[in-house]
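Here is the structure we will look at, set down as C-alpha cells.
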Amino acid sequence: MSRRKRVSTEPVTVTIESLSHEGRGVTHVSGKTVFVDGGLPGEDVVIQYTRQHSRYSEAKILEILQSAPDRVDAKCEHYGVCGGCSFQHAKPDYQIRHKQDTMLEQLRHIGGVQPEIILPPLTGPVWGYRRRARLGAKYVEKKQKLLIGFREKNSSFLADIKQCEVLHPSVGFMMDDLQKLISRLSVYRQLPQVEVAVADNVTVLVFRHLADLSESDIGLLKNFEIDKNINIYLQPGGLDSIHPLTPERAVDLFYWLSDHQIKFNFLPVDFIQVNQHINNEMITRTLGLLELSGQDNVLDLFCGLGNLSLPMARQCNHVTGVEGDAGLIERAMANAVCNKISNVEFHVSDLADDDIQANFINHEYSKILLDPPRAGAMKIINRMGFYGTTRLVYISCNPATLARDAGILVKNKGFDLQQAGVMDMFPHTSHIESIALFVR
C-alpha cells in the first residue's frame, strides 16, 4: 500500500529565483524545484513545505528577510487564504509585465513564434472591477457558521469572506450582510451558490436553492432586495428555472458601449466580459487591428451575445457571428434588432466539434475574429481554409492554447504573427488575457 510522503515542517531559508507562469515564486533546494506561494524574484525568505511531490515541492512563506522592490501590502484582509486572488502582493505594473513575459515565452516555447510588434498592455482600475462572479455558500458544522465567498487557496473549502476588494462595490462591500441574510433562511443548508451579475442599470444576485423557500424566506429576501437596492432572482432547478423574486421589480439588464452607441441586453447568468473598462478598450483595439472598411465581410467565431460582432458591423459590409450557446445567439440577434443593425447574421454551431458541418466554413471572409474559451480554437482553425482572409485577430484567455494555435496559423495556414499584447482583464490574479494580430 502506497503512503503519502511526509511533509517536513522544518523552516528553510531560500532566495526566490524566478516566477512561475501562475505567479508563484520558484526556487531550488538540493536540486529540487520548490514553488513558493507569494514569493517574488530576488527575495530572501523563510519557507515551510506544504506539499511534497516526486518532481517538485510546494511551500509557503513564514518570514520575508529581504523583500523585492515590487512587493506591496495586500489590500484585502483575506488575501493568502481566499483563492480568488494570487497577486495582490505585487505592484500592478509588475503583474502586467509578468503576464506579458509569460505570454511571449509561451508563444516561443509552445508555438515556435514571436510577434514582430509587442502591443502596449491594456490596463484599467485594479479594484472593484469584477462584474460577474459565482459565490459559494456552505454551512460548516465544525464552525457552526455559514460561509460565503470563493474557495480557499489550494483547497475545496470556502474562505470566510466579509468583504471582497475586486468585486464590484455593490456586491463586494455587501458580503457580510449577504452571509447574515442566508444564515437566517430556513434553507441555509440547501443554498450552495449565489451568482453575481452587475449591469449598468442594476445589480442582480441569483440564489440557487435545492429546497423550497418558506414564506418567511421570501419575506427576508424581498426586504434585502429593497434595502440593498438590488434585484434577486431564484434558481430552484436548471438554468431554465431562473426567475425574478419580485417580477414587478425586474428590468432588462444591459451594458452600454458609448464609443459605438450600442446597448447590450443580457440575462443574469449570460457570459459577459467580467471587466467593463477593459472590455471597452479591447473592442477599440480589436477594431483598430482589423482595419475594417465598408468592403469587408467578417467572421466572428465564439461571438457570444455579439459583444464584438455589433461594433464591427458598424464599420464593415457584413458580419457572420457563430457561437455554440443557442441562448447567447438568441440574445445576439435581439441585440442587433434593438440597435437597428441589419448587416449581421448569427448561427449556432459547436466550434469544438471534430466533425463540424457548417456552411460558414467554406465562405470567403476578408477579416476573421477568434475569441475562444480556454481550450482554444485548434479544431476550427484546422478545418478552415481562410479563403481571402488578410487579417485575423485572436483574443485569448489562455496563453498556452493561444501559442499552440498561433503555431498552426503561422506554420500551416500562411499567416504571420504581426502583433501581440496582454490585457489586464483580471488584476491581482494569474489569469492572462491577450490579443494577437495575424496577417497574410
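Within region 190-239, can you find the residues that are among the aliphatic types (A, V, I, L, M) and in a helix (DSSP H, G or I)?
218, 220, 221, 226, 239
Here is a check on your reading of the model: is residue 65 modelled with pLDDT of 95 or more, assigned to a strand (DSSP E or B) and outside the structural domain of residue 433 (by TED's automatic domain parsing)?
yes
Of the residues in region 175-189, how many are assigned to a loop (DSSP other than H, G, I, E, B) and buried (at least 17 other Cβ atoms within 10 Å of the Cβ)?
Counting residues in region 175-189 that are assigned to a loop (DSSP other than H, G, I, E, B) and buried (at least 17 other Cβ atoms within 10 Å of the Cβ) gives 1.
Enumerate the pairs (first residue in region 256-275 and at positive phi and surrounded by fewer than 19 Cβ atoms within 10 Å (Cβ to Cβ); second residue anywhere and at pLDDT below 95 and part of a strand (DSSP E or B)) with beta-carbon separation below 8 Å, excluding pairs fewer than 6 apart on the same chain, so at least 6 apart or on different chains.
none
Which one is farthest from residue 390 (Cα to Cα), of the residues in region 287-315 that are surrounded by fewer than 21 Cβ atoms within 10 Å (Cβ to Cβ) and out of contact with any helix residue (DSSP H, G or I) (no Cβ under 7 Å at 6 or more places or on another chain)?
314
Listed here are the residues, each with its yes/no results for (1) of a type in the set (Phe, Trp, Tyr); (2) surrounded by fewer than 19 Cβ atoms within 10 Å (Cβ to Cβ).
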| residue | (1), (2) |
| --- | --- |
| 379 | no, yes |
| 387 | yes, yes |
| 394 | yes, no |
| 402 | no, no |
| 408 | no, yes |
| 414 | no, yes |
| 421 | no, no |
| 428 | no, no |
| 432 | no, no |
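Tell me whether region 171-180 contains one or more residues that are free of Cβ contacts under 8 Å to residues at least 60 places away in the same chain and over 22 Å from residue 148 (Cα atoms).
Checked region 171-180: no residue is free of Cβ contacts under 8 Å to residues at least 60 places away in the same chain and over 22 Å from residue 148 (Cα atoms).
Which members of region 181-222 meet the condition of being farther than 24 Å from residue 277 by Cα and either among the hydroxyl-bearing types (Ser, Thr, Tyr) or out of contact with any Leu (no Cβ under 9 Å at 6 or more places or on another chain) (or both)?
183, 186, 188, 212, 214, 215, 216, 219
So which residues in region 127-137 are part of a loop (DSSP other than H, G, I, E, B) and over 14 Å from the mean Cα position of the chain (by Cα), if there are any at all?
Hits for region 127-137 are 127, 128.
Among the numbered conditions (1) part of a strand (DSSP E or B); (2) more than 22 Å from residue 98 (Cβ to Cβ); (3) within 28 Å of the chain's Cα centre (by Cα), tell me where residue 60 comes up short.
With respect to (1) part of a strand (DSSP E or B); (2) more than 22 Å from residue 98 (Cβ to Cβ); (3) within 28 Å of the chain's Cα centre (by Cα), residue 60 is out only on (2).
Would you check if residue 360 is touching a strand residue (DSSP E or B) at 6+ places or on another chain (Cβ under 6 Å), among the hydrophobic types (A, V, I, L, M, F, W, C), touching a residue at least 60 places away in the same chain (Cβ under 8 Å) and farther than 30 Å from residue 101 by Cβ?
For residue 360, the condition - touching a strand residue (DSSP E or B) at 6+ places or on another chain (Cβ under 6 Å), among the hydrophobic types (A, V, I, L, M, F, W, C), touching a residue at least 60 places away in the same chain (Cβ under 8 Å) and farther than 30 Å from residue 101 by Cβ - is met.
For residues in region 333-362 being at pLDDT 90 or above and within 17 Å of residue 385 (Cβ to Cβ), which is surrounded by the most Cβ atoms within 10 Å (Cβ to Cβ)?
Residue satisfying both the conditions and the ranking: 351.
Here is a yes/no grid of residues against (1) out of contact with any strand residue (DSSP E or B) (no Cβ under 6 Å at 6 or more places or on another chain); (2) assigned to a loop (DSSP other than H, G, I, E, B); (3) in contact (Cβ under 8 Å) with a residue 40 or more places away in the chain:
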{"residue": "364", "(1), (2), (3)": "yes, yes, yes"}
{"residue": "369", "(1), (2), (3)": "no, no, yes"}
{"residue": "375", "(1), (2), (3)": "yes, yes, no"}
{"residue": "394", "(1), (2), (3)": "no, no, yes"}
{"residue": "400", "(1), (2), (3)": "yes, no, yes"}
{"residue": "413", "(1), (2), (3)": "yes, yes, no"}
{"residue": "426", "(1), (2), (3)": "yes, yes, yes"}
{"residue": "429", "(1), (2), (3)": "yes, yes, yes"}
{"residue": "436", "(1), (2), (3)": "no, no, yes"}
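May I ask you to verify whether residue 148 is at negative phi, out of contact with any Pro (no Cβ under 9 Å at 6 or more places or on another chain) and β-branched (Val, Ile, Thr)?
Yes: the conditions hold for residue 148.
(1) outside the structural domain of residue 192 (by TED's automatic domain parsing); (2) on the phi < 0 side of the Ramachandran plot: which one isn't true of residue 136, the others all being true?
Going through (1) outside the structural domain of residue 192 (by TED's automatic domain parsing); (2) on the phi < 0 side of the Ramachandran plot one by one, residue 136 breaks only (1).
Could you list, ordered by first residue, the pairs with Cβ atoms under 7 Å in which the first is in region 146-166 and outside the structural domain of residue 189 (by TED's automatic domain parsing) and the second is acidic (Asp, Glu) and at pLDDT below 95, at least 6 apart or interchain?
Sorted first by the residue in region 146-166, then by its partner, the list stays empty.
The values are calculated or read from the model by the stated rules, or taken from the named source; none is laboratory data. Everything numeric in this text was worked out from a predicted model, so none of it was measured. All Cβ positions, even for glycine, are placed from backbone atoms using ideal geometry, and neighbour counts span all protein chains on display.
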